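Visitor: Provided herewith is a single structure, encoded as C-alpha cells, for subsequent inquiry.
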Amino acid sequence: MAYSDYRPPRRSRRRRTLAVLVLILLIVGVVALAVRYRTERRESIDYLSTAESVAARHSEMAERLGTLLQGLGQEERPEVIQRLETLAAEANDARRTLGEAVVTRSIAEVAGRMTVAVEAWDDAIDSLDDAITAVLDAEEGDLSGDDELGAAFELLQLGDRAYISVLDSVARLDQELVPMEFPVFTYTQDEFAALYNATVIAERLRRLGTLSELSDVAVIATTIPEPVSEGAAGVYAIPASEDFALEVTVSNTGNVVVERVSLVITMRRTASAEQIAPLGKVIPSIEPGASETLTFEDLDPEPGAVYTITAVASLEEGVDDVTDDNTWSLVFKRNAE
C-alpha cells in the first residue's frame, strides 16, 4: 500500500510563520528596551555627575565671592574688578559645561531646576562688576548703581532657591543613579547672608576711597650728567660734559590704567627771552603701579648760563589728575670745564 506525504494546510503554515515573526519582533523589542534602559541609565548618571561637578565649582565660587565682599577695602579697585571678572568667566564656563550634558526623562526635573540655578548665578556674577563700578563712579545722589547691585543679589537668591529644590529632587531619585553627594550650599545665606544687602554694600563702597577710580601720574627726572651740588639761590651745578640729556620717569600712582600720557619738556634761560622749543612725547598707556622712562637728548644749554628745565606729564582730555606731582623742575648751570 502506498502512502502520500502529509502536508499541513497552507493556512497553518502561514500562521506558524507569523507566530515566529511576532516572537522575533518581541525579542528584538525586549533587547532594544534593555539597551535603551542601560543607555538612559548611563546618561542619567553622567548628567548627575556633571551637575554635581558644576555645583561643587559654584560652592567654591560662593566662598570666594563672600570673602571678597567681606574684605572690601583691603584691595584696590583693579584687584577687586579682576577677581569679579575671574569669577564671571568661571561661572560662564560652568554654565556651558552643564548645557552640553545629555538630559534623560528620569532626571528631567533635576536638570530643569539645575539649569535655572546655574543660569541665575552666572547672570548675577556677570553683572556684579558693572554694578560695583556704577556705585563707585556715580554722581552724588545717583543711586542707579544700588539698583543694579540689588538686581544682581536677587539673581543670586533666585539661583539659591532653585538649587535647594535641586537637592530635594535629587533626594527623590533612585540613589543608585547619583554618583556622589551634591554639596549643600548657597551664595546668599548662612555665613555671608548679611553681605548680600545692596544698601549695606553700596554704602560701604562709597566709603572706600581705595576703590574709587583714581587717575594720577607722578614725574621725576634727572639730568645726564647728574647735578653735583646746589649753589646760591637753589641753582644746581652740572659737570662739564660733551653731551647733555634729561631722563624722565613717569609713574602711574593711581589705580586705573592711564592712556595717552603727554610728556612735555621746556627749557628757558634765566633773565633772557631765549627758550628752547618744547620737546614732547606721548606714552600710549601705563598700568597702575608701573612706570615709563624717556630720555630727551636734543638739549644743549650754554655752559655758564643759568637755565630752568621743566617736565610736565598730562593725562588725556577729560581725565583729571588727582594730585599735583605731575611736574618736575630744576634750576641749573652747566659748568664750562
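Visitor: Please go through (1) crowded, with 17+ Cβ neighbours inside 10 Å; (2) in a helix (DSSP H, G or I) for residue 248 and return the number of the only condition it doesn't satisfy.
Guide: Tallying (1) crowded, with 17+ Cβ neighbours inside 10 Å; (2) in a helix (DSSP H, G or I), residue 248 fails exactly one: (2).
Visitor: Something else now. Counting just the residues of the range 62-78 that are of a type outside the set (D, E, K, R) and touching a Ser or Thr at 6+ places or on another chain (Cβ under 8 Å), which one comes out surrounded by the most Cβ atoms within 10 Å (Cβ to Cβ)?
Guide: Among them, the one singled out is 62.
Visitor: In addition: Of the residues 156, 98, only one is within 29 Å of residue 256 (Cβ to Cβ), surrounded by 15 or more Cβ atoms within 10 Å (Cβ to Cβ) and in the same structural domain as residue 198 (by TED's automatic domain parsing); which? Talk me through it step by step, then tell me what you get.
Guide: Details: 98 fails: within 29 Å of residue 256 (Cβ to Cβ).
Every option except 156 fails the conditions.
Visitor: Only residues in the range 133-152 that are farther than 17 Å from residue 214 by Cβ count as the first member; pair them with residues that are basic (Lys, Arg) and surrounded by 14 or more Cβ atoms within 10 Å (Cβ to Cβ), Cβ under 8 angstrom, at least 6 apart or cross-chain, and list the lot.
Guide: Listed pairs, sorted by first residue: none to list.
Visitor: Also, I was wondering about something else. From (1) under 22 Å from residue 68 (Cβ atoms); (2) surrounded by fewer than 21 Cβ atoms within 10 Å (Cβ to Cβ); (3) among the small types (Gly, Ala, Ser), pick out the condition that doesn't hold for residue 145.
Guide: (2)
Visitor: Looking only at the range 195-235, filter to residues that are among the small types (Gly, Ala, Ser), exposed (fewer than 15 other Cβ atoms within 10 Å of the Cβ) and more than 24 Å from the chain's Cα centre (by Cα); which one of those is nearest to residue 310 (Cα to Cα)? Spell out the reasoning first.
Guide: Taking the range 195-235 and keeping what is among the small types (Gly, Ala, Ser), we get 198, 202, 209, 212, 215, 218, 221, 229, 231-234.
Now drop any that are not exposed (fewer than 15 other Cβ atoms within 10 Å of the Cβ), which leaves 209, 229, 231-234.
From what's left, more than 24 Å from the chain's Cα centre (by Cα): 229, 231-234.
Values: 229: 19, 231: 19, 232: 20, 233: 17, 234: 15 Å.
That would be 234.
Visitor: Need the failing condition index for residue 189 against (1) surrounded by fewer than 16 Cβ atoms within 10 Å (Cβ to Cβ); (2) within 30 Å of residue 260 (Cα to Cα), just the number.
Guide: Condition (2) is where residue 189 drops out.
Visitor: Right, here's the next one. Going by what's in this entry, would residue 260 be described as within 43 Å of the chain's Cα centre (by Cα), in a strand (DSSP E or B) and not aliphatic (A, V, I, L, M)? Don't jump to the end; show me each part of the working.
Guide: On the way: within 43 Å of the chain's Cα centre (by Cα): yes; in a strand (DSSP E or B): yes; not aliphatic (A, V, I, L, M): yes.
Yes, satisfied.
Visitor: Being part of a loop (DSSP other than H, G, I, E, B) and surrounded by fewer than 19 Cβ atoms within 10 Å (Cβ to Cβ) is the filter here, so list the residues in the range 318-337 that pass it.
Guide: The first filter runs over the range 318-337 and keeps only residues part of a loop (DSSP other than H, G, I, E, B), leaving 318-326, 335-337.
Across the range 318-337, the qualifying residues are 318, 319, 320, 322, 323, 324, 325, 335, 336, 337.
Visitor: Given the options 106, 59, 127, 53, name the one that is under 13 Å from the mean Cα position of the chain (by Cα), surrounded by 15 or more Cβ atoms within 10 Å (Cβ to Cβ) and in a helix (DSSP H, G or I).
Guide: From the options 106, 59, 127, 53, the qualifying one is 127.
Visitor: Between a first residue in the range 45-62 that is farther than 9 Å from residue 185 by Cα and free of Cβ contacts under 8 Å to residues at least 60 places away in the same chain and a second residue that is assigned to a helix (DSSP H, G or I) and among the hydrophobic types (A, V, I, L, M, F, W, C), which pairs have beta carbons less than 7 Å apart while being 6 or more apart in sequence or on different chains?
Guide: Matching pairs, first to second residue: 50/98; 57/94.
Visitor: Can I ask one more? Taking the options 234, 254, 280, name whichever one is within 25 Å of residue 314 (Cα to Cα), at pLDDT below 90 and not hydrophobic (A, V, I, L, M, F, W, C). Show your work before the answer.
Guide: Values: 234 fails: within 25 Å of residue 314 (Cα to Cα); 280 fails: at pLDDT below 90.
Only one candidate passes the filter, namely 254.
The values are calculated or read from the model by the stated rules, or taken from the named source; none is laboratory data. Note that the structure is predicted; figures quoted are calculated from it, not measured. All Cβ positions, glycine included, derive from the backbone under ideal geometry; neighbour counts span all protein chains shown.
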